[in-house]
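Visitor: My questions all concern the structure below.
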Amino acid sequence: MTPHSGSQYLGADVAVASNDPEHLQFLEAAGRGEFVLQQCAECERLRYPIGNACPFCMALGWQWAAVSGRGTVYSYEVVTHPIHPSFRGLVPYVIVLVELDEQRGVPGEHDALRVLGLLVDAEGNPEPEERAGINVRVQVDFADLGDGLALPRFRLADEPSEFPVWRYGYDGAG
Ligand SMILES: [Zn+2]
């Protein structure tokens, strides 16, 4: 049950079930500095979250594909209530739903490859809510979990937004 008992996140042990090689491989790739997602062997579309079948064509075959980890914040939320005792020191923190640059507008005009992650600063601390916003550019960053594993997360990218930035309750918006 705990093939990576040496891994920790926020002081808590990271356990990956032995019958869940996909999540373990995802964390191992991040440990090598690679952000990978499943790519369908049939329709070749990338997908997230990790799952057994392609949500687009139902095919079971897939392989890992490295993605850039660059994207735009599609939406975000501020977590103020810790979901686990280890998160007490982290709140408030921002979780971003990132629309990756890969596969935008696929399969439909409003579809995209969207992934979730914590928004952190250069030191790995949570970015304050005031710095988050819809349409801000972000890039993947990795939280080292130890024992060869890491957890993908995001930090602000030093590049202009393609569209106006919207912040809830700030800059006169909301
Ligand atoms: Zn498919």
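The values are calculated or read from the model by the stated rules, or taken from the named source; none is laboratory data. Computed from a prediction, not measured in an experiment: that's the story for all the values here. Every residue, glycine as well, gets a Cβ built from its backbone with ideal geometry; the counts of neighbours run over all protein chains shown.
Visitor: Residue under question is Arg70, and the condition is that it be touching a residue at least 60 places away in the same chain (Cβ under 8 Å), within 12 Å of the ligand (Cβ to nearest atom) and within 15 Å of the chain's Cα centre (by Cα); does it hold?
Guide: no
Visitor: Continuing with this model, one more query. Tell me, which strands (runs of 3 or more DSSP E) lie completely within the range 59-174 with 2 or more residues that are crowded, with 20+ Cβ neighbours inside 10 Å?
Guide: 70-79, 93-100, 114-120, 137-146, 149-156
Visitor: Scanning for something more than 16 Å from the chain's Cα centre (by Cα), closer than 28 Å to Ala157 by Cα and not polar (S, T, N, Q), does the range 45-52 turn up at least one residue?
Guide: Restricting attention to the range 45-52, the residues satisfying the condition of being more than 16 Å from the chain's Cα centre (by Cα) are 45, 52.
Those left that are additionally closer than 28 Å to Ala157 by Cα: 45.
If we keep only those that are not polar (S, T, N, Q) as well, we get 45.
Taking every residue of the range 45-52 in turn, at least one turns out to be more than 16 Å from the chain's Cα centre (by Cα), closer than 28 Å to Ala157 by Cα and not polar (S, T, N, Q).
Visitor: Any residue in the range 30-49 that is of a type in the set (Asp, Glu) sitting within a Cβ distance under 8 Å of a residue that is within 8 Å of the ligand (Cβ to nearest atom) and at pLDDT 95 or above? List the pairs, counting only those 6 or more apart or interchain.
Guide: Glu42/Cys54; Glu42/Cys57; Glu42/Ala59
Visitor: What number goes with the only condition from (1) within 15 Å of the ligand (Cβ to nearest atom); (2) farther than 13 Å from Glu22 by Cβ; (3) touching a strand residue (DSSP E or B) at 6+ places or on another chain (Cβ under 8 Å) that Tyr76 does not pass?
Guide: Here Tyr76 clears every test but (1).
Visitor: Let me ask something else about it. Can you name the residue in the range 12-54 that is of a type in the set (Phe, Trp, Tyr) and buried (at least 18 other Cβ atoms within 10 Å of the Cβ) and, of all such residues, is nearest to the ligand (Cβ to nearest atom)?
Guide: The selected residue is Phe26.
Visitor: Ile134 passes all but one of (1) within 25 Å of Ala15 (Cα to Cα); (2) in contact with a Ser or Thr (Cβ under 7 Å, 6 or more places away or on another chain); which number fails?
Guide: For Ile134, the exception is condition (1).
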